[in-house]
1. Can you compute 3J(HN,Hα) from phi for each residue in segment 145-150, using the Karplus curve 6.51 cos²θ - 1.76 cosθ + 1.60 with θ = phi - 60°, rounded to whole Hz and x for Gly and Pro?
2. Based only on Cα atoms, what Rg/Rh ratio does segment 142-287 have, Rh being taken as Kirkwood's radius?
3. Among the aspartates and glutamates, select those whose C-alpha is under 16 Å from the C-alpha of Lys536, and discard any that sit fewer than 8 residues away in the same chain.
4. Report the net charge of residues surrounding Gly242, where surrounding means a beta-carbon distance below 15 angstrom and charges are Lys +1, Arg +1, Asp -1, Glu -1.
5. Using mean Cβ contacts within 10 Å as the protection proxy, how do 158-166, 75-83 order, highest first?
6. Once phi is turned into θ = phi - 60°, what whole-Hz ³J(HN,Hα) does the Karplus curve with 6.51, -1.76 and 1.60 give for every residue of segment 121-132, x standing for Gly and Pro?
7. Grab the alpha carbons of segment 400-442, take their convex hull, and tell me the volume per residue in Å³.
8. What lysines does Lys441 reach when the alpha-carbon gap must be under 28 Å and sequence neighbours fewer than 8 apart in one chain are set aside?
Amino acid sequence: MWRPPLRALRAGFRAAPSPGCLTSSSRPACCSGSGKTWTRPNGFDTGLKTFNSLTKQKEPLILARDGVATWYSCGPTVYDHAHLGHACSYVRFDILQRILSRLFGVTVIHAMVITDIDDKIIKRSWEENVSASAIARLYEDEFKRDMLSLKVTPPAAYLRVTENVHHIVAFIEGIIANGHAYATKDGDVYFDLQSIGDRYGHFVGAVTAQGEVGGLEKRDPRDFALWKKSRPQEPFWDSPWGRGRPGWHIECSTVASCVFGRQLDIHSGGIDLAFPHHENEIAQSEAFHQCDQWANYFLHSGHLHLKGSAEKMSKSLKNYITIKDFLQSYSADEFRMFCLLVKYRSAIDYSDSSMSEARLSLETITTFIHNAEAYMKDQLQVLPVQEELLWERLAETKSVVVKYLMDDFDTPRAVAAIMNLVYHGNCQLQPVSTCDGVARKPAVFGAMVSYIRDVLDVFGISLLHPEVCAGCWDSTFNQITRAFRDSSSGSLQAVVEQLTHFRSEVRAFALARQDDPTGGTPNRRGLHPDRKPLLKACDALRDDLAPLGVLIKDRGASSTWEIRSNQRTRPQEESSS
């Protein structure tokens, strides 16, 4: 999997300029507006349009550098298990990044912060009677494993808040020096919203919303904390204002600036983060950098709801499903298809029926690919193929898929176009008993299969290995997959034991030696040549079971097996033959 090179990241941020020192000649192109007016960036037009939460409409996606997108996203607060609501947002934006990089050739440099110090983490540490750092590391590691199990491409850099406190202190000092923050006698530091006038309120509801809870020394109820004085038994760091820890919002501005400097192309997150989190990020970042437009595009994903509920999936409402539990019933590919079938910025309903729809879509595509490959191998007899019609459908699909994805990453319409292509392909693959004298047209099906695989790979979906035939292995895969989803019943172990025993008997028969056919030394014995295909079949079965989490290891003439959850890689073992 491709990952952006770390050397492309910037090692630090520029120091905040002194008030009034920013001249017109030093202003970046993004800083030409005033108030809450969005200014179209100068740079390189990708040809795509995306919905920008700053303007509440689609805008041309223009990047500061040709072929490079700087992208920052808010990471998790690691105090508990990640759930499907988190997964939905991260998978959706992973799909968008894959589309940009793999389809349109844009190098995405993605950075994400891990909030590893927070009120919730501290509370959990008290409840568990362990350190806050131990809680944070436990759930950070679990979050990263969950993301890998969902095939989310890791960012170029994960950055922890606790490892950047010195940068955060310097960032706060810069905001104070520019006249946009103040320290209290108690040792807290607040952002001064009155100092930026009408520049606050980019997102709906921001102006009338209540401010966060704070001390009596706040100048405005809406002022938010940049630095919090530590309370007894809380973790703390030294600062010019006394012992304390960072506020929630300042961490993202600081980390994004450490990586990307004073200008950011894209900022993403769930719609619930728009206010106050992203609103406060904009205020403090533009106050520090003294520019009028820090991030050019804000992309927000819609909430995940349990079907029939108007409330989002969240830990506070205790209506969530953990990623680990979800993957006991469904695959990462099925969840990706579930996400693809709804616009990334729309709310999405989760239910067994919606997941069944996603599963059925993948099964329909897989069945077509199996049938097309069988036809190409002359293993499927069909009536005369309307080849020109299929070539036209393929060309049309290629065109409209690109068109839809350029229009705010419209994956539902792109997937619908692919399913329409599959439908027309299936119409041409209706089996018949005999078709003597009918000319075969396999090339067009080869082109269709290759294209569909390529597009789904862009989305992060991997179909079955092309060497797995529809008739031979499907029943085995289905049995094992069903058993794996219900492993508590013990059916998985029974299936694997019987399968491995049968395979071992086949291997033993195939490995039986014959006398040297040349009449030479009696001790020189070789394999029966006609049994070698059986060994290759045994090897293929072993390799094809590995991605399902069933690892068979051949040890001479005998074999052992084990089960590993979420096994995704094919073991590199020598052939039995």
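The values are calculated or read from the model by the stated rules, or taken from the named source; none is laboratory data. Since the structure is predicted, the reported quantities are computational estimates derived from the model, not experimental observations. FYI the Cβ positions are ideal-geometry reconstructions off the backbone, even for glycines, and counts take in every protein chain you see. For the accessible areas, the whole protein counts, side chains as well, though only heavy atoms, and no ligand, DNA or RNA atoms are used. Shrake-Rupley method; radii C 1.70, N 1.55, O 1.52, S 1.80 Å.
1. Working through the residues one at a time gives 5, 4, 5, 5, 5, 8 Hz.
2. Rg/Rh: 0.98.
3. By straight Cα distance, Lys536 reaches Glu467, Glu505, Asp544, Asp554, Glu573, Glu574.
4. Values: positive: Lys185, Lys228, Lys229, Arg231, Arg243, Arg245; negative: Glu173, Asp186, Asp188, Glu217, Glu234, Asp238.
Net of charged neighbours comes to 0.
5. 75-83, 158-166
6. 5, 4, 4, 5, 5, 5, 5, 8, 6, 9, 5, 4
7. Taking only Cα atoms, segment 400-442 has a hull volume of 68 Å³ per residue.
8. Lys377, Lys398
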